[in-house]
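Here the structure is laid out as structure tokens; the discussion comes afterwards.
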Amino acid sequence: MVAGAVALLVAVLPAEESEIAVTRSATVGVERTPAVATAAVRAAIPLGGLEVPDPLALDSGGRVTSVRQWEQQRRPQLLEAFQDNVYGSSLPAPTKTTFSEDSSGGGGSAKKVTITVTGPEGTASFTLRLFTPSSGKPKGTFLLIDHRGSVGDDPGSGGYAPVSTITGDGYALAALNAEEVAPDDAGSYRNGVINAFYPAGQDLPADAGRTISAWAWGASRAMDYLQTDPDIDPSKVAVIGHSRGGKAALWAGAQDPRFPVVISNNSGSTGAKLARRDSSGESISAINSQFPHWFPETYKRFDGNADALPVDQNELLALIAPGRVVVASAADDGNADPQGEFLSYLGAAPVYELYGLGETGLSSASWPPATGKGFRGPGMSYHLRSGGHGLEDADWQIYLGSNLFTR
């Protein structure tokens, strides 16, 4: 069994097979230190034949050796680096937030909540739908960033959001209507919450977050509500997203340590996938070209130049520590690069190891792992499903059966 982070990262190379040890922690209210180093001068680690940034390497040189140093120095550096180079500046906290509840369904087991936020330029509202078991307190809550608008007042039971399966298993589902937070459209993405904080007649700053950042911000506002609902235990909320929603879920969990579990389902490029595997699956230039409203203008500096990024996505996963990070891939989802997601998962392990949380749960560091099996450590979870891009019943079976809210 691999005992340390250095040994772990060496073991990631395809010829090696070993089990993995890991660890985890969180940061609240610390002053951030600007990230000034570049990828060229940052210490790197070998990962699947690549050299990727070491999440524990300090911008000033040296390496993190304690949880305190991670939380007060390195973690703020990384958060700022991701804001400056990838996701853009997040919206500030609203000057006012209100919640309006409309209960329906049997015994109040379904609830429609309108969240209204006020910024310097006006107000905006979006919907959170909450479904709880018919009896008893939920064992936990899955907060879905629903970018498809699939969850209505009378939801179905399909694989993407199988409400009856989730509630029947004793969990709650909270579905955030991401389209209302920020429309997934290059011409109208500002029409949700963004225009409440920026003058509508002016261009956004080049480094301001766009749709993905707004969805992550909206997930935190949904968490604001869930903390007030007497039916919900806010210490057991998993933010989950699929594909583009998975990118937002990871960014939400990296910034907001109130989420004890963060689930990335097939999130791919600028999600769980290593950026330095830019030639595998969807590239940075492709995503910026097809979806110019997702990320800030400043991210385009790295089109065709992923190696110049001062961060990589294994460090984003590491920012979730000590919360549980869950990475789910699909074997035939070439666009999302499942191997790149797997390697990123391994590359986050040194930070979890710093917190002494034990192993990743993987029986081998070789690609590919077994499909259809949930691998679970005390702070990290992973599975590779057979088939293609999607959030399916098979994924939910693993999420619901993995005791994600316990160590």
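The values are calculated or read from the model by the stated rules, or taken from the named source; none is laboratory data. In this text, all values refer to a predicted model and were calculated from it rather than measured experimentally. As a convention, Cβ positions derive from the backbone with ideal geometry for all residues, glycine included, and neighbour counts pool all protein chains shown. All accessible areas refer to the heavy atoms of the entire protein, side chains included, with ligands and DNA or RNA removed. Shrake-Rupley method; radii C 1.70, N 1.55, O 1.52, S 1.80 Å.
A few remarks follow.
- Segment 171-238-segment 84-147 distance, computed between alpha-carbon centres (Å): 9
- For segment 305-343, backbone nitrogen atoms closer than 19 Å to the point 7 Å from Ser386 Cα along Cα-to-C-beta are found at 328-334, 338-339.
- The chain: antiparallel DSSP beta bridges as a percent of all, rounded to 5: 55
- With the helix formula -39500 (n - 2.57) applied to DSSP H stretches of n ≥ 4, the chain reaches a computed 222 nm mean residue ellipticity of -6000 deg cm²/dmol.
- Length added when fully stretched, Lys137-Asp185, from 0.36 nm per residue minus Cα-Cα: 13.5 nm
- The stretch between Arg63 and Thr97 holds 8.2 nm of extra length on full extension. This uses 0.36 nm per residue minus the Cα-Cα distance.
- Summed side-chain charge close to Met223 - residues other than Met223 whose Cβ falls under 13 Å, Lys, Arg +1, Asp, Glu -1: -1
- Each label point was placed 7 Å from the Cα along the Cα-to-Cβ direction; for Thr371 and Glu121 their separation is 4.6 nm.
- Based on protein heavy atoms only, the chain ends up with 35 Å² per residue of surface accessible to a 1.4 Å probe.
- The Cα center of segment 239-298 and the Cα center of segment 324-350 differ in position by 12 Å.
- Counted charge near His147, where neighbours are those whose Cβ lies closer than 9 Å (Asp, Glu -1; Lys, Arg +1): -1
- With K and R counted +1 and D and E -1, the other residues having a Cβ less than 12 Å from that of Trp294 yield a net charge of 0.
- Global form of the chain, assessed from the alpha-carbon gyration tensor, a/c cut-off 1.5: oblate
- Efficiency of FRET from Cβ geometry, Ala286 and Ser363, R₀ 30 Å, rounded to 0.05: 0.30
- By accessible area, using a 1.4 Å probe on protein heavy atoms only, the chain has 46% of its surface on carbon and sulfur.
- Partners for Lys112 among lysines (Cα-Cα distance below 19 Å; same-chain residues under 8 apart left out): Lys137
- Pairs exceeding a 32 Å alpha-carbon distance, out of Lys96/Lys300; Lys300/Lys373; Lys96/Lys247; Lys111/Lys373; Lys139/Lys247: Lys96/Lys300; Lys300/Lys373; Lys111/Lys373.
- Burial order of peptide ranges 284-290, 238-244, 375-381 (average beta-carbon count within 10 Å, highest first): 238-244, 375-381, 284-290
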